[in-house]
Amino acid sequence: MKIKLLTVMAALFIISSAKAQPNRPKIDTVFFEDFNQKTLDRSKWNVEVTGHTNNNEQQAYVDSAATLYLVNGANAEGAVNGALVIKAVFKPGFTSKEGNKYDFVSARINTENKMEFTYGTASARMKMSAGAGLWPAFWALGNGRWPDCGEIDMMETVGDSSWTSNALHGPKYFGNTPLVKRNFFPAGTDVTQWHVYSIDWTDQSIIFKLDGNVTYTVTRAMVEHYGRWAFDNAKFIILNFALGGIYPASVNNVKTPYYGIAQSTVNKIKAGDVKVMVDWVLVTKQSK
């Protein structure tokens with residue numbers, strides 16, 4: 001009963017910015033994850049293990065209780081029913097099965113082949129550590145070859161606590177995509193506090209929101225100015241915590257001690273103070 005109640009509360013929060021209407025359409029829950037169990041529910045989530053990285057990132061993704069675990073009570077830091085923690089760990093000399101060496105390990109999970117959706121509202125309540133070079137993300141990806149499959153970056157941050165970004169990637173608009181927006185937090189708030197990051201996705205637009213407030217709207221016409229609209233196919237959700245790489249380095253211009261990761265951030269990771277927390281993930285859509 002508690003899970004059902006929280007689902008309703010989360011859905012109501014997402015649509016709270018809309019004006020009350022007497023004939024408001026019925027909203028169905030497609031997916032809800034409250035992270036209220038003792039361990040990650042692997043019937044909902046895949047845990048990725050990679051011995052190579054993209055974008056010159058500096059971490060390996062591992063399946064380990066050191067980098068991916070659930071907490072509750074006071075350890076959940078305000079997440080009522082518990083929370084997921086993705087933690088960056090300093091592990092110099094870690095060698096992947098491919099023989100590649102890394103000094104950092106972290107985690108990445110996805111819902112591929114377990115929960116995929118086309119259109120609707122997807123949201124997550126999250127809080128993250130700050131530090132130049134930390135690159136957590138909440139995003140959605142289609143099946144097939146990238147970027148033709150389409151990518152929706154619902155939330156990315158590269159360690160500057162004052163802003164997050166939204167972006168779309170697809171054919172002829174990928175990498176340094178023109179469809180990107182940096183969103184600054186209101187005074188007195190930042191990325192280290194709990195916020196709800198969400199999208200409203202239709203066949204004609206994708207609207208990005210922070211705490212229910214619109215931050216960026218991309219229409220089909222805007223996308224088709226650059227290339228094919230790659231957002232009519234099913235997407236799965238990804239939560240990951242990358243370290244360093246092209247995007248952080250392009251913002252902070254750090255090359256040493258690690259590409260895109262400042263020494264101050266390395267010190268935080270060594271001290272065990274760097275993590276991403278996820279209270280819940282929710283996907284809804286209007287009933288037909």
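The values are calculated or read from the model by the stated rules, or taken from the named source; none is laboratory data. All values reported here derive from a predicted model rather than from experimental measurement. No Cβ is skipped: glycine too gets one built from the backbone with ideal geometry, and neighbour counts run over all protein chains shown. Just so you know, the surface numbers come from the protein's heavy atoms only, side chains and all, with ligands and any DNA or RNA stripped out. Shrake-Rupley method; radii C 1.70, N 1.55, O 1.52, S 1.80 Å.
Taking the Cα centre of the chain as origin and assigning +1 to Lys and Arg Cβ atoms and -1 to Asp and Glu Cβ atoms, the resulting dipole is close to 280 debye. Length gained on full extension, Thr192 to Asp148, computed as 0.36 nm times the residue gap minus the Cα-Cα distance: 12.5 nm. At the residue level, Phe117 shows approximately 10 square angstrom of accessible surface with a 1.4 angstrom probe and all protein chains present. Taking the charge dipole of the chain about its Cα centre, with +1 at Lys and Arg Cβ atoms and -1 at Asp and Glu Cβ atoms, the residue from Asn75, Ala249, Gln263 reaching farthest to the positive side is Asn75. Pairs spanning more than 25 Å between alpha-carbon atoms, out of Lys127/Lys172; Lys91/Lys181; Lys101/Lys268; Lys26/Lys209: Lys127/Lys172; Lys91/Lys181. Among the aspartates and glutamates, which have Cα under 13 Å from the Cα of Lys87 when same-chain residues fewer than 8 positions away are ignored? Counting by Cα, and skipping residues close in sequence, Lys87 has these aspartates and glutamates nearby: Asp63, Asp273. Seen from every direction in turn and averaged, the convex hull around the alpha carbons of the range 146-199 projects onto 4.2 nm². Neighbours of Pro25, meaning other residues whose beta-carbon lies under 11 angstrom from its beta-carbon, give a summed charge of +3 when Lys and Arg score +1 and Asp and Glu score -1. Label separation (Asn54 vs Thr177): 1.1 nm, computed from points 7 Å beyond Cα along the C-beta direction. Its alpha carbons considered, the range 134-242 gives a radius of gyration followed by a Dmax of 13.5, 42 Å. Taking a straight line from the alpha carbon of Lys255, these aspartates and glutamates sit under 18 Å away, with near neighbours fewer than eight places off in the same chain left out: Glu57, Asp103, Asp160.
If you take every DSSP beta bridge fully contained in the chain, what fraction is antiparallel? Give it as a percent rounded to 5.
95 percent
Taken one residue at a time, the phi angles of the range 142-151 give Karplus couplings (6.51, -1.76, 1.60, θ = phi - 60°) of x, 7, x, 6, 8, x, 4, 6, x, 9 Hz. Gly and Pro are set to x. Label-to-label distance, Gln286 versus Thr217, with points set 7 angstrom from Cα along the beta-carbon direction: 1.5 nm. Largest GNM mean-square fluctuation among Gly73, Gly51, Gly188, using the chain with Cα springs under 10 Å: Gly188. When the chain is treated as a Gaussian network with alpha carbon springs shorter than 10 Å, the biggest mean-square fluctuation among Asn36, Asn23, Asn252 belongs to Asn23.
Subtracting the Cα-Cα distance of Asn72 and Arg24 from 0.36 nm times their residue separation leaves 13.8 nm of extension gain. At the listed q of 0.14, 0.15, 0.20, 0.23 Å⁻¹, the Debye profile of the range 195-282, built from one uniform point per Cα, gives log10 I(q)/I(0) equal to -0.79, -0.86, -1.06, -1.11.
Structure remark: mean-square fluctuation, Gaussian network model of the chain, C-alpha springs under 10 Å; the largest value among Tyr226, Tyr247, Tyr173 belongs to Tyr226. At Asn81 and Ser264, where each label point lies 7 Å from the Cα along Cα→Cβ, what is the point-to-point distance in nanometres? Here the answer is 3.8 nm between the modelled labels.
Annotation: lysines with alpha-carbon distance below 18 angstrom to Lys235 (same-chain offsets under eight excluded): Lys44, Lys114, Lys285.
Net charge dipole, the range 100-158: roughly 240 debye, given to the nearest 20, about the Cα centre with Cβ charges of +1 for Lys and Arg and -1 for Asp and Glu. Taking the 0 to 90 degree range and rounding to the nearest ten, how far is the long axis of helix 2-14 tilted relative to the main principal axis of the chain, both from C-alpha atoms? Its long axis makes an angle of about 80 degrees. Rounded to the nearest 20 debye, the dipole size of the range 155-266 about its Cα centre is 280 debye, using +1 on the Cβ of Lys and Arg and -1 on the Cβ of Asp and Glu. Diagonalising the gyration tensor over the Cα atoms of the chain and scaling each eigenvalue by 5 before taking the square root yields semi-axes of 29, 23, 18 Å, largest first.
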